[in-house]
1. Scanning segment A:376-412 for residues that are more than 26 Å from the chain's Cα centre (by Cα) and open to solvent by 20 Å² or more (accessible area, probe 1.4 Å), which turns out farthest from the other protein chains (Cβ to nearest Cβ)?
2. All but one of (1) within 30 Å of A:Ser329 (Cα to Cα); (2) in contact with a strand residue (DSSP E or B) (Cβ under 7 Å, 6 or more places away or on another chain) hold for A:Leu550, so report the exception by its number.
3. Is it the case that some residue within segment B:302-324 is within 14 Å of chain A (Cβ to nearest Cβ) and closer than 25 Å to B:Pro451 by Cβ?
4. Of everything in segment B:528-545, what is open to solvent by less than 10 Å² (accessible area, probe 1.4 Å) and in a loop (DSSP other than H, G, I, E, B)? Give them in sequence order.
5. Determine whether A:Val22 is at pLDDT 95 or above, assigned to a strand (DSSP E or B), more than 24 Å from the chain's Cα centre (by Cα) and in the same structural domain as A:Cys259 (by TED's automatic domain parsing).
6. If only one of A:Leu216, A:Leu195 is surrounded by 24 or more Cβ atoms within 10 Å (Cβ to Cβ) and part of a loop (DSSP other than H, G, I, E, B), which one is it?
7. It is to be established whether one or more residues within segment B:75-84 are closer than 28 Å to B:Ala124 by Cβ, in the same structural domain as B:Asn207 (by TED's automatic domain parsing), surrounded by 16 or more Cβ atoms within 10 Å (Cβ to Cβ) and touching a residue at least 12 places away in the same chain (Cβ under 8 Å).
There are 2 protein chains.
Amino acid sequence: METPRFALGLDFGTSSARALIVDIDSGEEIGSGTANFAHGEAGIVVCAHDPHCARQVPGDWRDAAENAVRDAVARGLDTTPGFRSQLIVGIGIDATASTPLPVDARCRPLADDERFRNRPDAMAWLWKDHTAHVEAAEITALARRELPHHLARCGGAYSSEWLFAKLLCCLRVAPDVVDAASAWIESGDWIVAFLCGLDDPRLVPRNACAAGHKGLFHDELGPPPRTFLDALDPRLGAWCETRVPARTTLAGERAGGLCAEWAAKLGLRVGTPVSVAAIDAHVGAVGAGIRPGRLVSILGTSACDMIVHPLGAPPIAEISGLCGMVRGSILPDCWGLEAGQSAVGDLFGWFVREFGKSSGLGHAELTAQATRLAPGESGLLALDWNNGNRSVLADPLLSGCVVGTTLRTTAAEIYRTLIEATAFGARVIVERIEESGVAVDDIVLCGGIAPRNPLLRSIYADVLRRPLHRSRSTETCALGAAIFGAVAAGAHPNVASAQNAMTALDDRPQLYDGGAADVYDELHALYLRLHDAFGGVTRAADLSPVMKDLLHLKTRTAVRIKP
Amino acid sequence: METPRFALGLDFGTSSARALIVDIDSGEEIGSGTANFAHGEAGIVVCAHDPHCARQVPGDWRDAAENAVRDAVARGLDTTPGFRSQLIVGIGIDATASTPLPVDARCRPLADDERFRNRPDAMAWLWKDHTAHVEAAEITALARRELPHHLARCGGAYSSEWLFAKLLCCLRVAPDVVDAASAWIESGDWIVAFLCGLDDPRLVPRNACAAGHKGLFHDELGPPPRTFLDALDPRLGAWCETRVPARTTLAGERAGGLCAEWAAKLGLRVGTPVSVAAIDAHVGAVGAGIRPGRLVSILGTSACDMIVHPLGAPPIAEISGLCGMVRGSILPDCWGLEAGQSAVGDLFGWFVREFGKSSGLGHAELTAQATRLAPGESGLLALDWNNGNRSVLADPLLSGCVVGTTLRTTAAEIYRTLIEATAFGARVIVERIEESGVAVDDIVLCGGIAPRNPLLRSIYADVLRRPLHRSRSTETCALGAAIFGAVAAGAHPNVASAQNAMTALDDRPQLYDGGAADVYDELHALYLRLHDAFGGVTRAADLSPVMKDLLHLKTRTAVRIKP
């Protein structure tokens, strides 16, 4: 029997880091460990006077990495007789993005510097920080005129969550921080740097995933030109001139070897290959078995949908309304396409909190009541835009809507309607992807919500008319990171080979019901009327049939299902 | 000092009768009494197998009249030294409509006949009975082609609540009842008949109010012609031929004198003049001081709006979308116009029941929270159609809608939005009335909701940009009946004189706030967009600004009110 080999995946989320040790031949997950970030509220440093502010202390990532790996190794030793930490052959990293931090010339975070102690502007600017919303609007407006190809790569609108908006904002509110910084670097890249002992920011590989989706880095045209940055702010152009890398690197490539200090800390071999990082959602899609024709949807508080298109296949038109389309951002030999919905779990949580929970109607009871309803029976229809619309309208200023209420409408009916609305929103995205010539044959649901909610899975399958899979792993992000670690180590010749060995879907996909799907086709047509009317796709909408069609559907389905 | 004179008003509602004794010179209400109807659930005989069925036992009205008057007289004797029951000079009646009952040749209810004991079809068909919805649709369809002028008088759609739908339905489900009946007569007219001892249904005056608004009786063209009734059902034509009266009479005219039997029962003088009856809401408007330029809105579970237009004034175009327009139905020298909203109190009650109450958020707490919000601050907008739309769209198949929800939207914000939505619905009605050339200078709010709800009154005043009055009396229906009693007795020369003496408004009308009204103007414009789009007024609606305008209003008003 051959000696088993293992890869270590390190997943840096919003509040904690998770380490996962995976057998690179069988995919068996033999040990995992989690460590929370120490500072702030659940790892997030907030500002009392600005609800948009969300920062993170870089040192928390170091501490969490050490603790999570130590726990994972201990668990592996407990469960797996043949395991030793020296059998870990490669390490992969995923992290949130865009979460940039300013570092000095030795690649040390300014947040570690006594001069900037307790200055949130010198910490990492967490992905969900929206302080830079004014700057994002400026960048979008200018890029529409000056840099349309770059902007198209990140979906046609630049977000306050992304690198250049945050850098420009920092220039304005804390120029001393920018002056003191030798570079701004994405969190995933900085984690790779400290693991490998890279102490010159100019030599740290920058991951193509974050740079392409969030950093205006175009695969053919490179970073935004100086003229563009000067037009935003001359200080920005001057600052960037020598500091923006001219190239990026794909996950799965070797960024370096584990340095002696960290090898000692973690009990791993010095020089263990460390992969270039990538964004957590994208890496999670790899762990969920993404491949051409398979859409991976991560359903949590919001939804992130990912799909790939082979570089060698007939080129696709740029798809309007997606969040981005970046060469190699998910799989190295494919375009990585990303779309999303701004509220999924958050939408259900809001409804339960405001209209159910205190009356004893929690998720469980509302779900039980909603499960007893047939498709169409509520006579209701909703738009799932309570947090704006990310795809395909890319409009954060839209809001939610419920149509069809009567004096008998119940909370459970609205709860089911909100689930249906998110499914219709997902269908809009899938259909937009297919219209561009990219097939969506099956779908893998990941994230916190899908595994626990059979009602949601059944509604999604019926609305999307496709089999819905779940990943065998519940830790697809850390698993995807381990896959890139194995590839960087040369233990698998490529990502596809590693995916074949290390990932699997559940045995029983959720199939769709033809009768329910027919009803949902009718409801989806009505959803599109509302979508196009309120979303501004049309300025001459005919909504006159909506309420009556809903009523007819209600009458028909109630009779059909309950004779 | 002159001997005081009094009038007795008898108000027959859905579950009880109320008697009110009023000083006809001062308007002082010196005694009142209420008696519930004995049979059924809260006076309504229901059928287990048909939720549309709602019948009433006519004998209950006799018993309740006797008990209510006895209590009112006793109260009057207690409170008012100069009062004696013999000082009551006139009696007026109002009742629900259309609530017809079959009677025999001696004007006795078939329900009193042993042959029909316990047969709901032989009882009175209460106004809210919807058994005849199929027949109503047939009548509407035929009348649109054959009898447009009659149909226009009752608002363009015939209701299952009304006389001919019920008669046609009874012909089909219980032809023996129709065969045995010498006449069908509205409850108010039958009450007048027994009080006056009128025992020939052909000689009982039929009130113009119920006949005109609910009975297809046209002030110039008379009742529907035999050809029309034959086309519905030949049996209907044959039955009606000798039984439908050729004329109607206005409230305030003397129907007869109190008969000896009832004078003895009630302790009143034999021959006391009894007025012709009218519909409760219309009589309530008279008690609330209706006059040209003043709209009376009765806000209860639903809303009933009444206004008058002088017969001598320039004629108005027929107003589409109102519930009816009948000569003399409210004041004898005016057209009586009626409009309505299908759910007001019912809408608020639904929301509290399903989304608030069990969590401890009842009307009171939701109202308290909603009162702290500024107009526009919720960023929400609703359509008040959870029970369909009565005016001006006359479409019972429409439903409710809420637009603008976010992940922070609260129950109290939606509660306030529903109140605002009913106010916008009221404004649509007021504007439709004004477009026809009928002025609406001020508004009197009556009914169960308005007096108890300062938040609603303030929103209505701001939305409608008019002073809102309340009636000094809390019993405007019984007071209006007393006014007609006084006029029938000749104690006042006309209704206007009696209103001047006997009605008054509260001292402090609700005035509107200019700033709030400006915000509501903007919201009303958005409401109209939704109204016209979902209501089918337009098939090319531009809803693209709705969500953004709501968001802008929210941002602006929150800043303005809470600096």
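1. Initial filter on segment A:376-412 (more than 26 Å from the chain's Cα centre (by Cα)): A:376-381, A:402-412.
If we keep only those that are open to solvent by 20 Å² or more (accessible area, probe 1.4 Å) as well, we get A:377, A:402, A:406-408, A:410.
On the way: A:Glu377: 14, A:Val402: 5, A:Thr406: 5, A:Leu407: 5, A:Arg408: 8, A:Thr410: 6 Å.
Checked segment A:376-412; the qualifying residue farthest from the other protein chains (Cβ to nearest Cβ) is A:Glu377.
2. Of (1) within 30 Å of A:Ser329 (Cα to Cα); (2) in contact with a strand residue (DSSP E or B) (Cβ under 7 Å, 6 or more places away or on another chain), only one is false for A:Leu550: (1).
3. To start, the set of residues in segment B:302-324 that are within 14 Å of chain A (Cβ to nearest Cβ) comprises B:302.
With the extra rule that they be closer than 25 Å to B:Pro451 by Cβ, the set shrinks to B:302.
Yes, segment B:302-324 contains at least one residue that is within 14 Å of chain A (Cβ to nearest Cβ) and closer than 25 Å to B:Pro451 by Cβ.
4. B:Leu543
5. On the way: at pLDDT 95 or above: yes; assigned to a strand (DSSP E or B): yes; more than 24 Å from the chain's Cα centre (by Cα): no; in the same structural domain as A:Cys259 (by TED's automatic domain parsing): yes.
No: the conditions fail for A:Val22.
6. Residue meeting the stated conditions: A:Leu216.
7. Initial filter on segment B:75-84 (closer than 28 Å to B:Ala124 by Cβ): none.
The answer is no; no qualifying residue exists.
Yes/no per residue for (1) modelled with pLDDT under 95; (2) in contact with a Gly (Cβ under 8 Å, 6 or more places away or on another chain); (3) assigned by TED's automatic domain parsing to the domain that holds B:Asp112; (4) assigned to a strand (DSSP E or B):
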| site | (1), (2), (3), (4) |
| --- | --- |
| B:Gly27 | no, no, yes, no |
| B:Thr34 | no, no, yes, yes |
| B:Arg62 | no, no, yes, no |
| B:Ala65 | no, no, yes, no |
| B:Ala68 | no, yes, yes, no |
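The values are calculated or read from the model by the stated rules, or taken from the named source; none is laboratory data. Only a predicted model underlies this, so the values are computations on that prediction, with no experimental measurement involved. Backbone-built Cβ (ideal geometry, glycine too); neighbour counts: all protein chains shown. Side chains are part of the model used for accessible areas, which takes the heavy atoms of the whole protein and leaves out ligands, DNA and RNA. Shrake-Rupley method; radii C 1.70, N 1.55, O 1.52, S 1.80 Å.
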